[in-house]
Amino acid sequence: MERINRILDPTRTGSEAEKLESDLRKRVVGQDEAIRQIIDVYQTFLAGMSSAGRPIGNLLFLGPTGSGKTRMVEAVAESLVGDARAVVKIDCAEFQHSHEIAKLIGSPPGYLGHRETHPLLSQEALDQYQTDKVKLSFVLFDEIEKASDSLWNLLLGVLDKATLTLGDNRRVDFSRAVIFLTSNLGAAEMQALLRPNLGFAAGDAERRQTGGMVDAELTGKMASAGMEAARRKFNPEFLNRIDKVVVFRPLGTAELRKVLGMELNLVQQRIFSTASSTPFVFSATEAAKDYLLREGTDLKYGARHLKRAVDRNLVHPLSNLMATGQVRGGDLIRVDCDASGSHLTFIKEAEDVAIQAMLQMVDGSIAPPPVMAAASAVEEPKMVAHAKGSRR
Ligand SMILES: Nc1ncnc2c1ncn2[C@@H]1O[C@H](COP(=O)(O)OP(=O)(O)OP(=O)(O)O)[C@@H](O)[C@H]1O
Ligand SMILES: [Mg+2]
């Protein structure tokens, strides 16, 4: 044996964990600490080092509404098993009474309706989304501060022993599940910390220059505010079963703008995936984006209402334009805001745009539209003159 003294780097992750990390960064804005914690759990799992007889990970997400807690869970499922909906989701507020708990675990044999109930938390329900490659399940308990005592007891068992006994005594094994729990606890306290920074949320470049609290300091204070609220509400018995507590930060204006970019990209992807023949492309001006941000975001509700504002102001008018033949396949549509800033305007900039040119205009970084993927395999992409500079 030759003695060496090489310093190793335990912060490096393997390629699978790296892929998950980059996927999550593409989908979730401004929550790097949460991503880091998820990667730790996943890397431990991949290395086969997760504790036996417990879920793969028990993660508690705290923080304000519309900051990406639920989106993060969907993004993990999307990256690992290819479907954002591959999550068993339990809204704790819906399971207050014992007959509602029966929806989760089924009723004991002999009870009325025993045969008709299909428990939400059965082994089949848990395993249904696993793929040959990824034998993992994702379970999300939303708004746990609203859980009734009986749901709470059920939850403690799952977190600790990774098992649940159904009404008919069958056992459900959670040892291949990642359990996500979310709560808005501490959100009010976090918001109060932001208020002195008048109008600026964490992450804003402007605030860093105001001489106010520095970013790291504010983020740290918000994390402790979240943790303190959790300690006040939840007993140590519960908190000891949690592997990671992650405090999500309220999103600042720059981050909300990025989220809008993602939402617009998703609309464009939808146009591609639903178009029966040639799709059309739209590009939103900065003024149009400002309008959508005013309509759909604020520092209190984060990006909660953004999707609705995009649907109302962009998707519905576009659908009308399509239904009336004003917008057709091959069109390039500029979405702008009128001079008074009161509504969006739609202008046709070009017709008969080649599909390869469209490919150049859309952001394929999340999921390349299937129509486009097929087209690009046939011919090399070319830009047409009138489409130049229209890229979003
Ligand atoms: N950090 C983020 N990155 C990307 N998109 C986000 C982010 N935060 C919010 N969104 C967008 O806003 C929508 C609502 O966010 P999400 O459901 O994740 O909020 P939440 O934190 O779970 O809030 P609540 O506490 O009300 O459940 C998402 O579907 C997504 O479109
Ligand atoms: Mg949520």
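Once you order the gyration tensor axes a ≥ b ≥ c over the Cα atoms, which shape class does region 89-173 get: rounded for a/c under 1.5, otherwise prolate or oblate by comparing a/b with b/c? Note, shape of region 89-173 comes out oblate. If you line up the long axis of helix 253-274 against the longest principal axis of the chain, both from Cα atoms, how many degrees apart are they, to the nearest 10? That helix lies at roughly 80 degrees to the long axis. Extending 7 Å from the Cα toward the beta-carbon at both Lys161 and His305 defines two label points whose distance is 4.7 nm. In this label model, Lys348 and Ile7 are separated by 6.5 nm, measuring between points 7 Å along each Cα→Cβ vector. Between the beta carbons of Lys103 and Arg25, assuming R0 = 22 Å, the FRET efficiency works out to 0.05 to the nearest 0.05. Rounded to the nearest 500, the helix-only mean residue ellipticity at 222 nm of the chain stands at -12500 deg cm²/dmol, with each DSSP H run of n ≥ 4 adding -39,500 (n - 2.57). Within the listed set Gln268, Gln191, Gln128, the residue fluctuating most in the Gaussian network model of the chain (springs between alpha-carbon atoms under 10 angstrom) is Gln128.
Helix 286-296 versus the longest principal axis of the chain: what angle, 0 to 90°, nearest 10, using Cα atoms? Relative to the chain, helix 286-296 is tipped by roughly 40 degrees. Compared with the dominant Cα axis of the chain, that is its longest principal axis, helix 69-81 is turned about 90°. For region 263-311, calculate the relative contact order in percent as a whole number, restricting contacts to Cα pairs under 8 Å that are 6 or more residues apart. The value is 30 percent. Note on Lys146: lysines with a C-alpha under 16 Å away, same-chain residues under 8 apart excluded, are Lys89, Lys233.
Can you tell me the order of 181-189, 302-310 when each peptide is scored by its average per-residue count of other Cβ atoms within 10 angstrom, highest first? Let's see the in-between values first.
On the way: 181-189: 21.2, 302-310: 18.6.
The densest-packed peptide leads the list: 181-189, 302-310.
If you take the beta carbon distance between Arg171 and Arg231 as r and set R0 to 41 Å, what does 1/(1 + (r/R0)^6) give as a FRET efficiency, to the nearest 0.05? It comes out at approximately 0.80.
Only the coordinates and a few stated rules stand behind these numbers; no lab work does. Remember, predicted model here, so these are calculated numbers, not experimental data. All Cβ positions, even for glycine, are placed from backbone atoms using ideal geometry, and neighbour counts span all protein chains on display.
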